[in-house]
Amino acid sequence: GAVVSQHPSWVICKSGTSVKIECRSLDFQATTMFWYRQFPKQSLMLMATSNEGSKATYEQGVEKDKFLINHASLTLSTLTVTSAHPEDSSFYICSAPGLAGGTGELFFGEGSRLTVL
Amino acid sequence: DQQVKQNSPSLSVQEGRISILNCDYTNSMFDYFLWYKKYPAEGPTFLISISSIKDKNEDGRFTVFLNKSAKHLSLHIVPSQPGDSAVYFCAATDYGQNFVFGPGTRLSVLP
């Protein structure tokens, strides 16, 4: 079945540095990818929708300059947390629809745990 | 305004018994519904789905029921096993354009 791979699975960084998280669709093309954030014991929070070849669509309250999203190809979307601070520490998850334009399943990456010291 | 609601944040069930997780939605444009299971520090994994043209879909121990008129769906797990302990997210989509997730229900299956 379709697989979405996320890397790195765990990253620790110093405050002020930038961290890039990659999301790849391994055996299918994804023109759209979704980025979520999850705080401990809380639900998935949609941050933005990544669109191949165009700008990402951000949810209300999500800082575009803080969370840079690039969807350079049909199989890769990246989320860069710029000038990370401890409050950015969270579990970031990406997903991609399995069927372009259809009501197919949404496939999730393994998630990336970011810890900012 | 939550379009997808899971009113029970947690549920405890004895091993071997039935687990019933409920989900309500408000948007009549939703036409496809999915359940995801999530373990701590892992991405959600797909469990089972149902199209709005059906009222029931069964896959092994998992059955999803959809009541369109009530805008309600439920996930039944029978028999429940300790390995089923996880957070379950209900999700709805409108023709694959938008996916909306509920807040999740934490299921604990007690041995």
When region B:26-75 is examined, which residues are found to be among the hydroxyl-bearing types (Ser, Thr, Tyr) and surrounded by fewer than 20 Cβ atoms within 10 Å (Cβ to Cβ)? B:Thr26, B:Ser28, B:Tyr39, B:Thr45, B:Ser51, B:Ser52, B:Thr63, B:Ser69, B:Ser74
Checking the condition surrounded by 16 or more Cβ atoms within 10 Å (Cβ to Cβ), farther than 26 Å from B:Tyr88 by Cα, of a type outside the set (Val, Ile, Thr) and modelled with pLDDT of 90 or more, which residue from A:His85, A:His71 passes? A:His71
Restricting region B:86-111 to residues that are buried (at least 19 other Cβ atoms within 10 Å of the Cβ) and polar (S, T, N, Q), the residue that is farthest from the other protein chains (Cβ to nearest Cβ): B:Thr105
Looking across region A:12-38 at residues that are within 12 Å of A:Leu114 (Cβ to Cβ) and under 14 Å from the mean Cα position of the chain (by Cα), the single one that is modelled with the lowest pLDDT is A:Gln38
Flagged in region B:4-25 as crowded, with 17+ Cβ neighbours inside 10 Å and not in a strand (DSSP E or B), in numbering order, are B:Gln6
Say we look at region B:17-36 and pick out the residues that are more than 22 Å from B:Pro79 (Cα to Cα) and either charged (D, E, K, R) or within 11 Å of the chain's Cα centre (by Cα) (or both); which of these is farthest from the other protein chains (Cβ to nearest Cβ)? B:Asp24
When only residues in region A:56-65 that are over 30 Å from B:Pro9 (Cα atoms) and within 14 Å of the chain's Cα centre (by Cα) count, which is surrounded by the most Cβ atoms within 10 Å (Cβ to Cβ)? A:Ala56
Just to be sure I understand the filter: pairs with C-beta atoms under 9 Å, separated by 6 or more residues or on different chains, first member in region B:1-30 and closer than 16 Å to B:Gly104 by Cα, second member among the charged types (D, E, K, R) and not in a strand (DSSP E or B). Which pairs pass? B:Ser19/B:Asp84; B:Asp24/B:Lys71; B:Tyr25/B:Lys71
Filter pass, A:Met45 being crowded, with 22+ Cβ neighbours inside 10 Å and either closer than 27 Å to B:Cys90 by Cβ or at pLDDT below 90 (or both): no
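The values are calculated or read from the model by the stated rules, or taken from the named source; none is laboratory data. The structure displayed is predicted, hence computed values, not measured ones. Here the Cβ is made from the backbone with ideal geometry for all residues, glycine too, and neighbour counts use every protein chain on show.
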